[in-house]
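This report refers to the structure that appears directly beneath it.
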Amino acid sequence: MRRDVFQAIADPVRREIIDILANQELSVNEVAEKFNISRPAVSKHLKILDECGILSFEKRGRERFCKVNTEQLVPAFLWIEKYNKEWKQKIDSFENYINQLKSKNEQNE
């Protein structure tokens, strides 16, 4: 089953795994040690990230090392950025409205 990037980042544990691996490659065991959940649970999260194309694995000796494929996160980033800009404009507009109300109230006092 091929999953998409949004399924990958929907879970907080998977987002944390991405954060941990963003700047370093770690073995599967090293990743698992960073969580207070079972090794099989971490493996399941790693599998989902792999199915989404966000992680890749490299076998070195008897260990598998995880690497983040950051280019796979671009669609999610672009989608989030689009809404970030729209919401920032709405929040700024609301803030201006509140400031105008405060100003009117101060003038009426």
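The values are calculated or read from the model by the stated rules, or taken from the named source; none is laboratory data. Keep in mind it's a predicted model, so treat the numbers as computed, not measured. Ideal geometry is used to build each Cβ from the backbone, glycine not excepted, and the neighbour counts take in all protein chains shown. Heavy atoms of the whole protein, side chains included, go into the accessibility calculation; ligands, DNA and RNA do not. Shrake-Rupley method; radii C 1.70, N 1.55, O 1.52, S 1.80 Å.
Annotations for the structure displayed:
- Residue in the stretch 97-104 that is touching a residue at least 60 places away in the same chain (Cβ under 8 Å) and either among the small types (Gly, Ala, Ser) or in a helix (DSSP H, G or I) (or both) present: no
- Qualifying residue in the stretch 88-105 (condition: under 24 Å from GLN7 (Cβ atoms) and hydrophobic (A, V, I, L, M, F, W, C)): no
Every residue, every condition in (1) in contact with a strand residue (DSSP E or B) (Cβ under 9 Å, 6 or more places away or on another chain); (2) touching a residue at least 12 places away in the same chain (Cβ under 8 Å); (3) of a type in the set (Ser, Thr, Tyr), yes or no:
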residue	(1), (2), (3)
GLU51	no, yes, no
GLU63	yes, yes, no
PRO75	no, yes, no
GLN89	no, no, no
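- GLN7 within 17 Å of the chain's Cα centre (by Cα), open to solvent by 70 Å² or more (accessible area, probe 1.4 Å) and on the phi < 0 side of the Ramachandran plot: yes
- On inspection, LYS47 passes the criterion of being open to solvent by 80 Å² or more (accessible area, probe 1.4 Å) and closer than 30 Å to ASN29 by Cβ.
- Applying the condition of being assigned to a loop (DSSP other than H, G, I, E, B) and touching a residue at least 40 places away in the same chain (Cβ under 8 Å) to the stretch 10-29 and asking which residue is nearest to the chain's Cα centre (by Cα) yields ALA22.
- Reported count of residues in the stretch 42-69, each being part of a helix (DSSP H, G or I) and charged (D, E, K, R), is 4.
- Scanning the stretch 68-90 for residues that are open to solvent by less than 100 Å² (accessible area, probe 1.4 Å) and either of a type outside the set (Phe, Trp, Tyr) or under 11 Å from ILE54 (Cβ atoms) (or both) turns up VAL68, ASN69, THR70, GLN72, LEU73, VAL74, PRO75, ALA76, ILE80, GLU81, ASN84, GLU86.
- Count - residues of the stretch 30-44 that are in contact (Cβ under 8 Å) with a residue 12 or more places away in the chain, closer than 15 Å to PHE65 by Cα and either open to solvent by less than 30 Å² (accessible area, probe 1.4 Å) or touching an Asp or Glu at 6+ places or on another chain (Cβ under 7 Å) (or both): 2
- Conditions (1) of a type in the set (S, T, N, Q); (2) part of a helix (DSSP H, G or I); (3) open to solvent by 100 Å² or more (accessible area, probe 1.4 Å): number failed by SER93: (3)
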